[in-house]
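So the structure is just underneath, and the comments pick up after that.
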Amino acid sequence: MRLAGKRALVTGASQGIGRATALMLAREGADVAINHYPDKAGTHRRNAESVAAEIEGMGRRALVVGADVALEEPSNRMVEEAIQAFGSLDILVNNAGILRDATLRNLTREHWDEVLDVNLGSMFNCSKPAAIHMREREKGSIVNIASVIALMGNIGQTNYAAAKAGAIGFTKSLARELARYHVRVNAVAPGFMDTDMTRAIDPEIKEHVRQQIPLGHFGTADDVAAAILFLASDDARYITGEVLSVNGGWYM
Ligand code: NAP
C-alpha cells in the first residue's frame, strides 16, 4: 500500500472526483477526512457519511467535516479538526469546485466572485493552515485540482478559467515556498470527466467535445483520482510545482 499510515483531507469529497479520490487514498492505506458543503437539507452530509462508511469498511479512519471552503474561518477550523482527530495531516487535496457558466456579457459579478471564491479562494483558505502544519513537520503533499480550461480557455467560462489558471500559479508559487521544507505542491488538470459537474451539459456539445479527444471518450473520476494518488504518494517524491493533465489528449 502506497499511503500506509498517512492522513489525508479531501475537499468536496461527497461525490465525483473528490469521492473517488477519498476512496482511492483509503484503499492505499490512508485515513481520510471527507469535506462536504454544510447543507441544511443533509443530502451532502449523507453522501459524505456513505463515503466515510466505505472507508471505515476498509479498516481506515474517516472523519466527516462540513465546511464551506469558500470561507476562511470554517476552512481553518476544518483543517484543525482533521489534524486533531488524526494527530497530523500528510496530504491535502483541494478538489471542491463549481461552475457558473455564462459569456462575459451575461456573467454577473456575483457568479464571477462565487466561482473565484470556491475554486481558488478555497486553496488559500485550506492550504494556509495545512502548509503551516506540514512545514513544521517537514513533510507533506498538497494536490490542487485545476482544469484543462485553465490551459486552453473556453467560451462561457472566463470565471472558471481564471480561477483554475490562478490555481496553477498558486501551485507553482507555493511549491517554491515549501520545497525547502520537503513539502510538495502539485496540480492535476482534468479534461472532460463523466461526473455530475458535466452530466447536465447539452448532449450535442458533449459529442462535439468527444470528437476532439484523441482517446475517443470522456474520463472517469477514478482516472483523475489515480493521478492525485500518484502525486500525493512518495512515488512522486521528486515532483513539485507540476501540472499533470488527465484529458485523453484533448489538449497537449
Ligand atoms: P462535482 O461532482 O460537482 O463535485 C464537486 C464537489 O465540490 C462536490 O463534492 C461539492 O460538495 C464540492 N463543493 C462545491 N462547493 C463547495 C463549497 N463551497 N464547500 C465545500 N465543498 C464544495 O464535480 P467534479 O467533477 O467531481 O469536480 C471536482 C473538481 O474537479 C472541481 O474542482 C472541478 O472544477 C474539477 N474538474 C472537473 C472536471 C470534470 O469534467 N468533471 C474537469 C476539470 C476539472 P457537495 O456535493 O457537498 O456540495
Per residue, in Å², the accessible surface of the chain once ligands and nucleic acids are set aside, probe 1.4 Å
47 Å²
Measure nothing but the geometry: give the 0 to 90° angle between the long axis through the Cα atoms of 72-86 and the longest principal axis through the Cα atoms of the chain, rounded to 10°.
40 degrees
Nearest 10 degrees, 0 to 90: what angle lies between the long axis of helix 43-57 and the longest principal axis of the chain (Cα atoms)?
50 degrees
How far is the Cα center of the stretch 173-214 from the Cα center of the stretch 140-156, in Å?
5 Å
Set the Förster radius R0 to 30 Å, insert the Cβ-Cβ distance between Phe124 and His182 as r into 1/(1 + (r/R0)^6), and round the FRET efficiency to 0.05.
0.85
Give the angle, between 0 and 90 degrees and rounded to the nearest 10, that separates the Cα long axis of helix 158-178 from the longest principal axis of the Cα atoms of the chain.
30 degrees
What is the set of long-range amide H partners of Gln15 at a cut-off below 5 Å, with H atoms built 1.01 Å from backbone N?
none
In this structure, the FRET efficiency calculated for Asp39 and Asn154 from their beta-carbon separation, with R0 = 22 Å, to the nearest 0.05, is 0.20
Can you send over the carbon and sulfur percentage of the accessible area for the stretch 203-252, probe radius 1.4 Å, protein chains only?
56 percent
Name the residues whose placed amide hydrogens come within less than 5 Å of the amide hydrogen of Gly66, ignoring near sequence neighbours (fewer than 5 apart) on the same chain.
His36
J(HN,Hα) series, the stretch 87-99, from Karplus relation 6.51 cos²θ - 1.76 cosθ + 1.60, nearest Hz, glycine and proline x
x, 5, 9, 9, 9, 10, 10, 8, 10, 4, x, 9, 10
In whole Hz, what ³J(HN,Hα) sequence does the stretch 23-33 give by Karplus (6.51, -1.76, 1.60; θ = phi - 60°), x for Gly and Pro?
5, 5, 5, 5, 4, 8, x, 8, 7, 9, 8
For a quick check: with amide H placed at 1.01 Å from N, whose amide H comes under 5 Å from Lys6's, ignoring anything fewer than 5 positions away on the same chain?
Asp31
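The values are calculated or read from the model by the stated rules, or taken from the named source; none is laboratory data. None of these values were measured; they are calculated from a predicted model. All Cβ positions, even for glycine, are placed from backbone atoms using ideal geometry, and neighbour counts span all protein chains on display. Please note that ligands, DNA and RNA were not included when accessible areas were found on the heavy atoms of the full protein model with its side chains. Shrake-Rupley method; radii C 1.70, N 1.55, O 1.52, S 1.80 Å.
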